[in-house]
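Comments concern the structure below.
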Amino acid sequence: MTEKDFKLPDYSYDKVEGNVVYKSPSNIALIKYWGKKENQIPANPSISFTLTACATTTSITYKKLKAVTPDFQFDLLFEGLPKPDFKPKIETFFKRVETYLPFLKAYHFKIETSNSFPHSSGIASSASGMSAIALCLLEIERDLNPDMDADYFLKKASFLARLGSGSACRSIEGDLVQWGRHSGTTGSSDLYGIKYPYKVHDVFKNYHDTILLVDKGEKQVSSTVGHDLMHGHPFAKKRFAQAHENLDKLRPILEQGDVKEFIKIVESEALTLHGMMMTSQPYFILMKPNTLEIINRIWAFRSASKSNLCFTLDAGANVHVLYPENEKEEVHQFIKNELVAFCQNQQYICDRIGFGAKRLS
Ligand code: PMV
């Protein structure tokens with residue numbers, strides 16, 4: 001599909017009012033997206049586990065205006081309170097998607113949103129937040145076009161979410177989602193994420209992700225700036241090629257349930273992401289001393305116990321500890337005994353692989 005397929009032929013706005021609610025999860029990349037071209041086109045393909053516990057719930061109440069207005073008309077409430085500092089982000093998103101959702105200036109929207117995870121936990125809410133709002137808006141378009149088919153809906157929801165925040169396009173479906181054109185993956189696209197189309201062994205169907213909150217503060221360098229620093233980065237070309245190679249390598253690993261090889265790719269991807277940050281110009285470090293302490297303890301525990309837990313990192317200091325269902329008791333114990341001490345205020349979130357966003361009304 002191309003961009004123009006996401007523009008429907010003219011339709012009438014004959015619904016006067018309505019309400020839509022979606023709950024959309026976060027996701028954690030196994031092969032990382034870092035670097036982008038114009039219009040949120042990724043510089044390399046990525047793949048993620050969709051999560052369950054970390055999610056955003058968004059309700060949009062819409063009311064037809066007397067006439068189409070020159071500006072977008074919306075109110076924004078975050079956890080029940082007006083949130084003026086989120087408005088510019090939504091405004092930018094509306095501008096980017098307006099050509100694909102032509103009704104946006106014909107309605108007033110009341111957007112009410114809340115996160116399941118604690119505010120300022122250092123967990124990026126852009127993936128869950130942007131996918132939830134994209135789904136609500138597209139559901140309104142479906143209210144106006146009841147013939148929209150389910151496959152088109154999923155692709156367009158991901159397409160719109162991508163325009164809000166790249167990785168948000170991987171939060172519509174589960175359990176494994178790939179985004180970005182890759183010659184080895186049928187149906188893959190730079191425009192939207194797809195449910196991973198190949199066989200996945202049962203061991204990867206109920207993986208756990210315990211998120212250790214190492215640093216809850218504001219990041220010194222935003223993802224937007226970080227992506228941008230991949231332009232002209234001395235190792236960019238090799239890194240983008242490596243992501244393609246890792247996706248090829250991951251296919252038999254996922255199929256056969258080879259957790260040992262899975263660990264090698266996932267941890268290398270996390271460290272490569274941060275390696276790119278450390279070798280950008282200007283260079284920066286998002287890991288904290290406790291991030292490294294946790295990684296070292298995970299490695300020590302793994303070699304002493306033969307456990308199959310591993311770590312991955314987002315663009316931040318928090319550590320995602322990934323492990324199979326059948327190891328959950330011993331890993332929980334290890335986390336409590338050894339890792340929690342390195343979390344800010346001893347905080348962590350127990351999450352697990354999930355199956356995508358859900359409509360709540
Ligand atoms: O979606 P963005 O622009 O916030 O970028 C997120 C990038 C990483 O989280 C670091 C990696 C990824 O693929 O999710």
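The values are calculated or read from the model by the stated rules, or taken from the named source; none is laboratory data. Since the model is a prediction, treat every value here as computed from it, not as a measurement. In this analysis, Cβ positions are derived from the backbone assuming ideal geometry, glycine residues included, and neighbour counts consider all displayed protein chains. Quick note on the areas: whole protein, heavy atoms, side chains included, nothing else; ligands and nucleic acids left out. Shrake-Rupley method; radii C 1.70, N 1.55, O 1.52, S 1.80 Å.
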Just the C-alpha atoms of region 253-313: what Rg/Rh do they give, with Rh taken as the Kirkwood radius? 1.05
Counting just the Cα atoms, what span does region 278-361 cover along each of its three principal axes? Round to the nearest Å and put the largest first. 44, 44, 25
Residue-wise HN-Hα coupling along region 199-208, computed from phi with Karplus coefficients 6.51, -1.76, 1.60 (Hz; x: Gly, Pro): 5, 10, 5, 3, 4, 8, 8, 9, 5, 9
Amide H partners (placed H, <5 Å) of TYR107, local residues excluded: LEU65
Could you state the orientation-averaged shadow area of the convex hull built on the Cα atoms of region 104-169, in nm² to one decimal? 5.2
Output wanted: per-residue J couplings in Hz (rounded whole) for region 343-353, from phi through Karplus 6.51 cos²θ - 1.76 cosθ + 1.60, θ = phi - 60°, x for Gly and Pro. 8, 5, 6, 6, 8, 8, 10, 8, 10, 7, 4
If the cut-off is a Cα-Cα distance under 17 Å, which lysines reach LYS87, setting aside same-chain residues fewer than 8 apart in sequence? LYS95, LYS105, LYS110
Taking only the alpha carbons of region 1-126, the radius of gyration and the largest Cα-Cα distance, Dmax, both in angstrom, are 16.8, 48
Could you please tell me the mean projected area of the C-alpha convex hull for the chain, averaged over all directions and given in square nanometres to one decimal? 17.8
What is the set of long-range amide H partners of TYR207 at a cut-off below 5 Å, with H atoms built 1.01 Å from backbone N? ILE353
Sparse-neighbourhood loop hits (chymotrypsin sites (Phe, Trp or Tyr not before Pro), region 29-137; DSSP loop; Cβ within 10 Å at most 14 others) -> none
Among 295-307, 345-357, how do they line up from the highest to the lowest mean number of other beta-carbon atoms within 10 Å? 345-357, 295-307
For region 82-193, with every protein chain kept in place, what is the accessible area per residue (1.4 Å probe, Å²)? 34
Please report, to one decimal in angstroms, the Kirkwood hydrodynamic radius of region 205-352 built from all distinct Cα-Cα pairs. 16.3
Give the carbon-plus-sulfur fraction of the accessible surface of the chain in %, rounded to a whole number; probe 1.4 Å, heavy atoms of protein chains only. 53
